[in-house]
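Trainee: Provided herewith is a single structure, encoded as structure tokens, for subsequent inquiry.
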Amino acid sequence: MADLFLGGSIDPATHDRTSPDSSGNVAVPTDSLTTHGVIVGMTGSGKTGLGVVLIEEALRAGLPVLAIDPKGDLTNLCLTFPDLAPNDFRPWIDEAQARNAGETPDEFAASQAALWAEGLAGWGLAGTDIGALRATTDFTIYTPGSQAGVPLDIVGSLQVPVDMSDAEVVADEIEGYVTGLLGLVGIAADPLASREHILLSNLVQHSWSEGRPLDLMTLVGMVPSPPIRKLGVFDVDQFFPADDRTALAMKLNGLLASPSFASWAMGAALDIQSMLYTPDGRGRCAIVTTAHLSDEERQFVTSLLLSKLVTWMRRQSGTTDLRAMLYMDEVAGYLPPTEKPPTKKPIMTLMKQARAFGVGVVLSTQNPVDLDYKAMSNAGTWMIGRLQTDRDKARLLEGMTSAAGSVDVALVDATISGLGKREFVLRRAGRDRPDVFTTRWAMSYLRGPMTRDQIAMLTPDVATPPTATAVATPTDATTAPVTAASTAPAADESTVMPTVAAGTPVRHVDVAAPWLGAIGGDSRGTVFDAAVVARVAVRYDEAKADLVHDQEYEAVLFPLGETIDMGRLVQVDYDDRDLRTDAPQGAAYRLPSAKISTKTFFADIERGLKDHLTRVLGLEIPMNADLELYGRPGEADDEFAARCRQTAGERADQETAKLRDKYETKATSLRNQIETAEDRADVLEEEAKGKRNSELLSTAGSFLGGLLGGKKSTSKMIGGVLGDAGTAARRRGSTSASDRRVDAAENKVARLTGQLADLEADAEDDVREIAARWNAAATAITPMTVGVERTDIKVLQLVLAWVPVA
């Protein structure tokens, strides 16, 4: 445990220090800050100076500090000049202040140097103390979304957590990332109700559960065609229709496509261990400035940073003393009373749980009414400066009472009202009366917020951020840690990985990758050569075939030459486990002739890959033009042939049905005519038969009657017979006519029956022709190649991969 020297006690009435020597010093034990602290004060109260002093003291005690700086003031921590010489101050002075002071810039620099030397001396400090601070602490200014300082790879920060056993921690980290990401594109997402939030969270969880890291590009590419079938109990398409998913992907892709967003993929992975500790275990001061970002971008970066801190914290062992400190300057907007920005949940988690892990949280604000005092009730140390309004004071006293227990409100109220500049009321848990103190002089030159150019002056040679060896190597860093090779490298080799263009993921091909031999690699090798590994999504789209088919291709371009030769492209089947994020021990790297240090090279690779695949890729499917049928990817030839036969049979049945209707009408008419003709023939036949019988009876009766009558004379008999014979002749003529009519009727029946037989023969011929024609159509199968358009090729992953070759 150490004491953090903040300043000296003062008399609230006279504002004089109670003792100029160390007996009047005010210090806060490090273990008391495990219950967290709050600094409150209006603009001009000295609140920022107190925060800088508190950070300096933590660093002097050997503690690492993560400082989140939304205004740019905390960058002043890097302005420490052990010699206190005017020339050290000269580049950093505000020339407008010099003019206001009536001095030249050089004169003003000299007066500032003298002022700082005198101010430090009044607190028993000197340049040697500044030198000791600089000698024991690494100061790094991180500028996510900018290369002014050390950039942070926010886009590629979805690496699989080291410990996946704590589901709550993993869920919180995912929630923080997704909430912040959606905020960037204007979607205020409820983690429990938003389709967008639920989908993205499940995609991250799915990849992590399979041990696969992500970056934002990969995540966006998964949105239209998720690798999961259900969300809850509903099918993905039912829960979140494909068109809506595409709209979300387009919105997120717009973010990625923005030129200003490119810098978000640069720099080191967001790794808390590396940011807080040097490889030899010394504490660092990591200043993450977000002053250059929009409000939405600040929320995203800060929520992601805090979520990573929570994950790191829960991997630490328990302790009763302070292990590390988080300082957030101007926390208003990140921890509001009612709203729920993405930063609120991780801050509240830290305020409630960080004590057990020795992580102290210090929050600073000038607007106490904008804070959630349910979270602030966990703070045990309060430092209150001048406040702007009575409302601020009343709200603060209410929150302090809730946080620190019994408070003499009247005494604190009166004390706060009388505070001067750089004077604060110190309220600590367990003490009834507060202390009043003035802050000591800061070792850092407090010149105010820095511009990007000034930040760049402090980090002129930083290509990649420092990485601690105690944790995994950042996955998307542009260089790797230097490792000693087992043998001296050749002239064209180096033990230091060649620089790779910022934003390009770097991996090492695992010696167990099954496709290593196919590209000429050596599983026993420790010398690595550069390759490009790509995963590409291809959409085959053919409107006339009603075909939309998505397929992924993985390929390796190796070796790389001065010019890009896609003829060397080898298709492989890889997964992310084949690409390791850490460099093997003793690795040596061949210096490539390809310009892998430039973004242009990888842009040309992506463009050439799309052009090449557009030329060579094609999906062959069977086609039946007669039936207008097309095969489907994966459909067997015999399955497609069976589908053609079924369709042809159905078409034949449809045509035969139409033919049946046509012939049925004619056949019915003929059958009706035949039936009528048969009925007529029957009637005529009966009539003719009756007439023949009548003729026979009539003639025979007359003749026999006359012949057998006996009493008439012969002459009379002959005369009568002759008369009857004429009648009989006439009757025989009538009978012959009847017979002819019967013959005609029977002939008609025969004729109509013949016509029906001819109609049936014609129908049989037509049916036979239909069957033959559609049978031929069923077998008319030819191959068809579906090409791919350049716009239907999406590069999902493009990695610079080091392949072991010797």
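The values are calculated or read from the model by the stated rules, or taken from the named source; none is laboratory data. Small disclaimer: the values here were computed from a predicted structure and weren't measured. As a convention, Cβ positions derive from the backbone with ideal geometry for all residues, glycine included, and neighbour counts pool all protein chains shown. Note: accessible area is taken over every heavy atom of the protein model, side chains too, but ligands, DNA and RNA are not part of it. Shrake-Rupley method; radii C 1.70, N 1.55, O 1.52, S 1.80 Å.
Trainee: With the checklist (1) within 39 Å of the chain's Cα centre (by Cα); (2) at negative phi; (3) crowded, with 21+ Cβ neighbours inside 10 Å in hand, flag the one item Gly49 doesn't pass.
Mentor: Tallying (1) within 39 Å of the chain's Cα centre (by Cα); (2) at negative phi; (3) crowded, with 21+ Cβ neighbours inside 10 Å, Gly49 fails exactly one: (1).
Trainee: Then there's this: Among (1) in contact (Cβ under 8 Å) with a residue 60 or more places away in the chain; (2) within 24 Å of Thr438 (Cα to Cα), where does Pro346 come up short?
Mentor: The failed condition is (2).
Trainee: What number goes with the only condition from (1) modelled with pLDDT of 90 or more; (2) closer than 25 Å to Val412 by Cα; (3) open to solvent by less than 10 Å² (accessible area, probe 1.4 Å) that Gly24 does not pass?
Mentor: (1)
Trainee: Scan the stretch 177-195 residue by residue and report those that are within 13 Å of Arg298 (Cα to Cα), small (Gly, Ala, Ser) and either out of contact with any Asp or Glu (no Cβ under 6 Å at 6 or more places or on another chain) or outside any helix (DSSP H, G or I) (or both).
Mentor: Of everything in the stretch 177-195, just one residue is within 13 Å of Arg298 (Cα to Cα), small (Gly, Ala, Ser) and either out of contact with any Asp or Glu (no Cβ under 6 Å at 6 or more places or on another chain) or outside any helix (DSSP H, G or I) (or both), namely Gly180.
Trainee: Now, a different point. Residue check, Ala98 against (1) of a type in the set (A, V, I, L, M); (2) free of Cβ contacts under 8 Å to residues at least 12 places away in the same chain; (3) open to solvent by 40 Å² or more (accessible area, probe 1.4 Å), all met but one. Which one?
Mentor: Tallying (1) of a type in the set (A, V, I, L, M); (2) free of Cβ contacts under 8 Å to residues at least 12 places away in the same chain; (3) open to solvent by 40 Å² or more (accessible area, probe 1.4 Å), Ala98 fails exactly one: (3).
Trainee: Hey, Ile93 hits all of (1) within 27 Å of Ser364 (Cα to Cα); (2) in contact with a Pro (Cβ under 9 Å, 6 or more places away or on another chain); (3) open to solvent by 40 Å² or more (accessible area, probe 1.4 Å); (4) of a type in the set (A, V, I, L, M) but one; which does it fall short on?
Mentor: The single condition Ile93 does not satisfy is (3).
Trainee: May I pose another question? Give Ala777, Ala745, Ala772, Ala806 a once-over and let me know the one that is assigned to a helix (DSSP H, G or I), open to solvent by 20 Å² or more (accessible area, probe 1.4 Å) and not β-branched (Val, Ile, Thr).
Mentor: Ala772
Trainee: Go through the stretch 202-221 residue by residue and tally those that are open to solvent by 20 Å² or more (accessible area, probe 1.4 Å) and more than 19 Å from Asp578 (Cα to Cα).
Mentor: Selection size over the stretch 202-221: 4.
Trainee: While we're on this one: Within the stretch 297-307, is there a residue that is open to solvent by less than 50 Å² (accessible area, probe 1.4 Å), closer than 20 Å to Asp163 by Cβ, of a type in the set (S, T, N, Q) and touching a helix residue (DSSP H, G or I) at 6+ places or on another chain (Cβ under 6 Å)?
Mentor: yes
Trainee: Also, I was wondering about something else. For the stretch 509-524, how many residues meet the condition of being open to solvent by 70 Å² or more (accessible area, probe 1.4 Å), farther than 12 Å from Ala806 by Cα, in a loop (DSSP other than H, G, I, E, B) and hydrophobic (A, V, I, L, M, F, W, C)?
Mentor: Qualifying residue count for the region: 1.
Trainee: Which condition number does Leu214 fail, the rest of (1) more than 14 Å from the chain's Cα centre (by Cα); (2) at pLDDT below 85 being met?
Mentor: The one condition Leu214 does not meet is (1).
Trainee: Restricting attention to the stretch 633-679, report how many residues are open to solvent by less than 90 Å² (accessible area, probe 1.4 Å) and under 43 Å from the mean Cα position of the chain (by Cα).
Mentor: 10
Trainee: For Val169, which of the numbered conditions (1) part of a helix (DSSP H, G or I); (2) in contact with a helix residue (DSSP H, G or I) (Cβ under 7 Å, 6 or more places away or on another chain); (3) more than 24 Å from Met275 (Cα to Cα) fails to hold?
Mentor: (3)
Trainee: Within the set of pairs 6 or more residues apart or between chains, which connect a residue that is in contact (Cβ under 8 Å) with a residue 60 or more places away in the chain and closer than 22 Å to His549 by Cα inside the stretch 627-652 to a residue that is assigned to a helix (DSSP H, G or I) and hydroxyl-bearing (Ser, Thr, Tyr) with Cβ atoms less than 7 Å apart?
Mentor: Partner pairs satisfying both residue conditions: Leu627/Thr647.
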